[in-house]
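The values are calculated or read from the model by the stated rules, or taken from the named source; none is laboratory data. Here the structure is a predicted model, which means the values were calculated and not measured. Cβ coordinates were reconstructed from backbone atoms using ideal geometry, including for glycine residues, and neighbour counts include every protein chain displayed.
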Amino acid sequence: MKNFDANAVDEALPYPALLQALAEGLRQNITTPARSHYAPNDDDSSLLVMPAWRSGERIGVKLISVWPGNHAQGLSAVSGVYVLIDAQNGQPLAVMDGTALTLRRTAAAAALAATRLARADSRHLLIVGTGALSLPLALAHVSALNIDRVSIYGRRLEAAQAVATMLAARGLSAEPVRKLDQALGKADVVAVATTASQAFIRADEVPRGVHIGLIGAFTRQMAEAEPRLMARASVFADQREAVLDKGGEVYQAIEQGFLTPHDIRADLADMMAMPDQSWRQSADDITVYKSVGFAALDLIAAELVMRQARFQGYYTGDPHLT
C-alpha cells in the first residue's frame, strides 16, 4: 500500500492534467452515495464521510473534518484522509492526504465550471476568502482561463496581502482589495470560499455578466451570498442532488421562493457530457456555480495520483490504472 503525503498529492495533480481528468471522468459511470455529515461536538465542527466507486475496479472513501474555529489558532479549517481500495479484492491500494486532495479537486472543479460559464473575454479574477482554498482557487482559474489580474478580498487586509504575495511570487499580477462591493463591480470571475454562516455578498452588488462560484457553504444553514441572488442568475451545481440537499444558498432560495429545483440548469456532469452546449445565455447573464463537493471528484483525482505514480515508476500495482 502506498502513502502519499500532501506534497506528493500536489505534485501528482497539476491543474491542467486534473481539469482534463475531471472532464473525462465525469462522463464515466461512478457511483456516488450521499455524503454522511456528523456533528460530533454538537457545534459547528463537522465530520464528513464521502464514498464513491467504480464497480469491480476501485473504491474511494474520504474522511473530512471541518473545524471553522481553527482559523483563530492558525490551523486549516479543513483536514482529511483518503483511502483508495481495490474493488476486486477489497485490499487497500493507497492512503492519501485528504486535505490536499480536497483542495486541488475543489479548485479544479470550480475552474472547470468557469470554463463553461464565464465570458470568453474574462480577464479579472476576484478571490473572496483567504483560507486554505484561496491559493488553489486562484492557480486553478489562472490555468484554465485567460486571467491576467487577480484581486483578493478577506476580512483582514493583511491576510489578503499574504495571498497576493504568494501569487505574485508565482509571477501573477495580484493585489489585495479593501472593499468587497467595489471589487465585485470590477471582476469578471469571482470565486468565494469561506466558512461564513451568514450571507455577506449582497444580491444587488453582483454586476451583470459576472460568473460567481460559491464554494464554501456546504450545509443548509450556511450561505455566502444572499439567496435572492439565485433569482437574478442562471444557476448551476457541482452535483444537482447534493446541492439541492446541502447547498445553503440554493436550499434557502428554494425555501424562500426565489428558485425552484428545476431552475438549476445543469451540473458538472451535464456540462462535461455536452461540451458544445452554450451554457451562458448572453454576455450580460449572471452565472452562479454552487459547489458542496461530491465524492466522484475525489475518486477521479485519487486515480490520477496513482496513474502519475505508475508513470514515474514507483507504483506497479493495479494494471487497470492506465
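What the table shows:
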quantity	calculated
Per-region count, the range 80-108, residues surrounded by fewer than 18 Cβ atoms within 10 Å (Cβ to Cβ) and touching a helix residue (DSSP H, G or I) at 6+ places or on another chain (Cβ under 7 Å)	1
Filter result for residue 254 (free of Cβ contacts under 8 Å to residues at least 40 places away in the same chain and buried (at least 20 other Cβ atoms within 10 Å of the Cβ))	no
The range 107-127 - residue that is over 14 Å from the mean Cα position of the chain (by Cα) and not aliphatic (A, V, I, L, M) and, of those, nearest to residue 153 (Cα to Cα)	124
Total residues in the range 55-75, condition farther than 17 Å from residue 222 by Cβ, in contact (Cβ under 8 Å) with a residue 40 or more places away in the chain and either part of a helix (DSSP H, G or I) or in contact with a His (Cβ under 9 Å, 6 or more places away or on another chain) (or both)	2
Some residue of the range 207-217 being in a loop (DSSP other than H, G, I, E, B), charged (D, E, K, R) and within 29 Å of residue 23 (Cβ to Cβ)	yes
Cβ-Cβ under 8 Å pairs, at least 6 apart or on other chains, the range 291-306 side surrounded by fewer than 24 Cβ atoms within 10 Å (Cβ to Cβ), far side among the aromatic types (Phe, Trp, Tyr) and assigned to a helix (DSSP H, G or I)	none
All positions within the range 20-59 that are buried (at least 18 other Cβ atoms within 10 Å of the Cβ) and more than 28 Å from residue 307 (Cβ to Cβ)	46
Verdict on residue 25 being out of contact with any strand residue (DSSP E or B) (no Cβ under 8 Å at 6 or more places or on another chain) and at pLDDT 95 or above	yes
Of all residues making up the range 197-240, the number that are of a type outside the set (A, V, I, L, M), closer than 20 Å to residue 267 by Cβ and in contact with a Ser or Thr (Cβ under 9 Å, 6 or more places away or on another chain)	10
Condition met for residue 147 (in contact (Cβ under 8 Å) with a residue 12 or more places away in the chain, assigned to a strand (DSSP E or B) and crowded, with 19+ Cβ neighbours inside 10 Å)	no
Residues located in the range 173-198, provided they are modelled with pLDDT of 95 or more, in a loop (DSSP other than H, G, I, E, B) and buried (at least 17 other Cβ atoms within 10 Å of the Cβ)	177, 187, 188, 193
Residue ID - farthest from residue 216 (Cα to Cα), chosen from residues in the range 274-305 that are part of a helix (DSSP H, G or I) and either in contact with a Cys (Cβ under 6 Å, 6 or more places away or on another chain) or not hydrophobic (A, V, I, L, M, F, W, C) (or both)	303
